[in-house]
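The values are calculated or read from the model by the stated rules, or taken from the named source; none is laboratory data. Quick caveat, the model's predicted, so the values are computed rather than measured. Backbone-built Cβ (ideal geometry, glycine too); neighbour counts: all protein chains shown.
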Amino acid sequence: MRAIHDSETAARVLGIRAHQARRLHHIGGLCFDCRLLSRAVQRLYHAGRGRFPALDRARRHGRAGRNGIDRGLFTGGLGFHTGAERLGCTVVPISGGATERQVTLLNDFGAQILCCTPSYALNIAEIAEQMGADLRRLPVRCGVFGAEPWSDAMRRDLEMRLGLKAVDIYGLSEIIGPGVACECHVEQHGLHGWEDHFLFEVIDPHSLQPLPAGEAGELVITTLTKQAMPMIRYRTRDITRLSDEPCACGRTHRRIMRITGRDDDMVIVRGVNVYPLQVEAVLVGFPGIRSRDRGDDP
Ligand SMILES: [Zn+2]
């Protein structure tokens, strides 16, 4: 299938007029009605924020939530931004980089929700420690982290150094971006997938047959309400299992347990999908470097 590089062609294929699209995103394509993205992320903040008095105030009075995800064509930054605004938060759209300045703004604006990749949250903690700033004394009480694999040990480290409760999120650009699933603040064990917008299945990646809840396999997602660019049984390549066990938070959406691996060779770096062959394609463009297949001379 040929790649589609212009919005007119994309819109024609999808059966809509280009001017009807509200927004164009990288990979996720056309966003005909962007309310799904903001609604899903708004729900994500609800699940993660818990009952912290500071965050309740954040909702009522529109205090600051800080978004450290890059914007541009990437669905992450704008998704988190619009979802937080929909919840009633004031957003500090600072993106990544200039970490010392970020520590200063966390302090100055009294942000109560920190949203970024877990590895960048660790970077913020390290820079703050070098600056002599104790982030545990700041109002930040909730960390919404995702876009890359991380462990429970890293969660404990982040919670101790930042003085917050850290929850994991799951999403992918091909579906809507962030807001597909999120841990709740109660159990922090498995991510509630929003089943009124998405159908989740786990399949055997070899036989392609659906597996019962609790068995590990490849996660497959069908969008139920997405407009302009719906996905039917999209193979994520992520290996996980689904849980139907009741959750102490009271939510009935089934949980997607931690991603334990992939059934291809892709790795995720700061939320960006990277394939080893792409790295090789760049490296071989430099003089003196060539591709080395098995059997080549060293
Ligand atoms: Zn829960």
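The table below gives the values:
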item: From Gly193, Gly250, residue being within 16 Å of the ligand (Cβ to nearest atom) and over 28 Å from Ser119 (Cβ atoms); result: Gly250
item: Residues of the stretch 129-140 satisfying the condition of being among the hydrophobic types (A, V, I, L, M, F, W, C) and under 22 Å from Thr90 (Cβ atoms); result: Ala133, Leu135, Leu138, Val140
item: Answer from Pro149, Pro139, Pro178 - the residue that is more than 28 Å from Lys226 (Cβ to Cβ) and either in contact (Cβ under 8 Å) with a residue 60 or more places away in the chain or within 16 Å of the ligand (Cβ to nearest atom) (or both); result: Pro139
item: Answer from Thr260, Thr223, Thr236 - the residue that is more than 25 Å from Ala84 (Cα to Cα), free of Cβ contacts under 8 Å to residues at least 60 places away in the same chain and away from the ligand (no atom under 16 Å from the Cβ); result: Thr260
item: Some residue of the stretch 161-168 being within 18 Å of the chain's Cα centre (by Cα) and away from the ligand (no atom under 16 Å from the Cβ); result: no
item: Test: residue in the stretch 275-285 that is within 18 Å of Ala147 (Cα to Cα) and touching a residue at least 12 places away in the same chain (Cβ under 8 Å); result: no
item: Considering residues of the stretch 57-88 that are at pLDDT 80 or above and touching a strand residue (DSSP E or B) at 6+ places or on another chain (Cβ under 7 Å) only, the residue nearest to Val272 (Cα to Cα); result: Phe80
item: Of the criteria (1) closer than 28 Å to Arg101 by Cβ; (2) hydrophobic (A, V, I, L, M, F, W, C); (3) under 19 Å from the mean Cα position of the chain (by Cα), which one Met131 fails; result: (3)
item: Residue within the stretch 187-204 that is in contact (Cβ under 8 Å) with a residue 60 or more places away in the chain, in a loop (DSSP other than H, G, I, E, B) and among the polar types (S, T, N, Q) present; result: no
item: Test result for Gly214, on the phi > 0 side of the Ramachandran plot and either out of contact with any helix residue (DSSP H, G or I) (no Cβ under 6 Å at 6 or more places or on another chain) or modelled with pLDDT of 95 or more (or both); result: yes
item: Residue check, Leu211 surrounded by fewer than 21 Cβ atoms within 10 Å (Cβ to Cβ), away from the ligand (no atom under 15 Å from the Cβ) and either small (Gly, Ala, Ser) or under 28 Å from Thr82 (Cβ atoms) (or both); result: no
item: Any hit, the stretch 268-277, residues being touching a strand residue (DSSP E or B) at 6+ places or on another chain (Cβ under 6 Å) and either loosely packed, with under 11 Cβ neighbours inside 10 Å or at pLDDT below 75 (or both); result: yes
